[in-house]
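Note sheet for the following structure.
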């Protein structure tokens, strides 16, 4: 049986509230109302290691599932929002080459150019749920309401701006109080931000996990009879110490033949000059050795890591892709601020891939 993944979360929630065409693979069970909380950066391993900091969350029924690859927010939200793997939804990294625009697209810093629906035209789960007559809502910070990423992969719900815990509880409670069938998505970004800056299991990260547990407790208390709460994440995180940071731009052996670098420090897309793909791939393999897994575009496609890659989207993948092993970071000046951060994600370690699927039902 295939392992469950982030693509199963929104589709299971849709099935649970009775939307045709979806399967409840997570086993939420039929319910009138479902709230899905996505905690950015909450890895399964990190949660299991600190149950004392999240007693409410860890007491709920939970299983580990897989984040989409690369294990980063644009990719994860793409899979959550569409129910598709990145080879189909087309958001293939923290940044990537968009052939139709002839430019690098960074989805976390995306406005209206290029047009989001053109970059990701597949219907979202939210759009399908809304068309079925179920009240569909997003409760998330105001800053993300009109972002390109929201309009590419999370379009469809009524957007309710909420910038702190109290705002979120107030908005969710108002939705649930109406009593009709509803699917509500809640996004919480703080844990990821803290983990990037201070590291996983730092004092600051532990305090942020306590706040996650408080949010979960309050959402659970707001549920009426017959409703369900699902808690998940987009990826986990690892600490990458400075002595394991490789500044790839400074090594001429790595940069010879390279046109563009994209992705992020744990999963680099490498775009090359015409005819240089083989030589660049071999150079990266030789220089990086066991510090990274280096694949050609064809090897990435054949690996199935991104699902079946649509031919029209294949050009978004790097001609070469380098995925860091262990706590290594492939730093670059193309994302200099990100490359200085301690906490990182994007690669294929269990700490990054394994994420929780927590289900809490009210009888």
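The values are calculated or read from the model by the stated rules, or taken from the named source; none is laboratory data. Keep in mind that what you see is a predicted model, and the values were worked out from it rather than measured. Virtual Cβ from ideal backbone geometry, glycine too; neighbours counted across all protein chains shown.
So the values come out like this:
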quantity: Matching residues, the stretch 25-72, being in contact (Cβ under 8 Å) with a residue 12 or more places away in the chain and over 15 Å from residue 232 (Cα atoms); calculated: 29, 30, 31, 32, 33, 49, 50, 53, 55, 69, 70
quantity: Exclusive hit being out of contact with any helix residue (DSSP H, G or I) (no Cβ under 8 Å at 6 or more places or on another chain) and not assigned by TED's automatic domain parsing to the domain that holds residue 68, set 302, 306, 295; calculated: 302
quantity: Strands (runs of 3 or more DSSP E) (entirely within the stretch 259-363) containing at least 1 residues that are in contact (Cβ under 8 Å) with a residue 40 or more places away in the chain, farther than 30 Å from residue 230 by Cα and more than 20 Å from the chain's Cα centre (by Cα); calculated: 267-272, 292-296, 320-324, 329-331
quantity: Of all residues making up the stretch 17-57, the number that are within 18 Å of residue 217 (Cα to Cα) and either over 21 Å from the mean Cα position of the chain (by Cα) or not assigned by TED's automatic domain parsing to the domain that holds residue 200 (or both); calculated: 8
quantity: Search result, residues across the stretch 194-208 that are touching a strand residue (DSSP E or B) at 6+ places or on another chain (Cβ under 9 Å) and either buried (at least 22 other Cβ atoms within 10 Å of the Cβ) or assigned to a helix (DSSP H, G or I) (or both); calculated: 194, 195, 196, 197, 198, 200, 205
quantity: Candidates 253, 266 - the one that is over 30 Å from residue 36 (Cβ atoms), in contact with a helix residue (DSSP H, G or I) (Cβ under 9 Å, 6 or more places away or on another chain) and not assigned by TED's automatic domain parsing to the domain that holds residue 183; calculated: 253
quantity: Where residue 124 falls short, out of the listed (1) surrounded by fewer than 21 Cβ atoms within 10 Å (Cβ to Cβ); (2) without any contact (Cβ under 8 Å) to a residue 60 or more places away in the chain; calculated: (1)
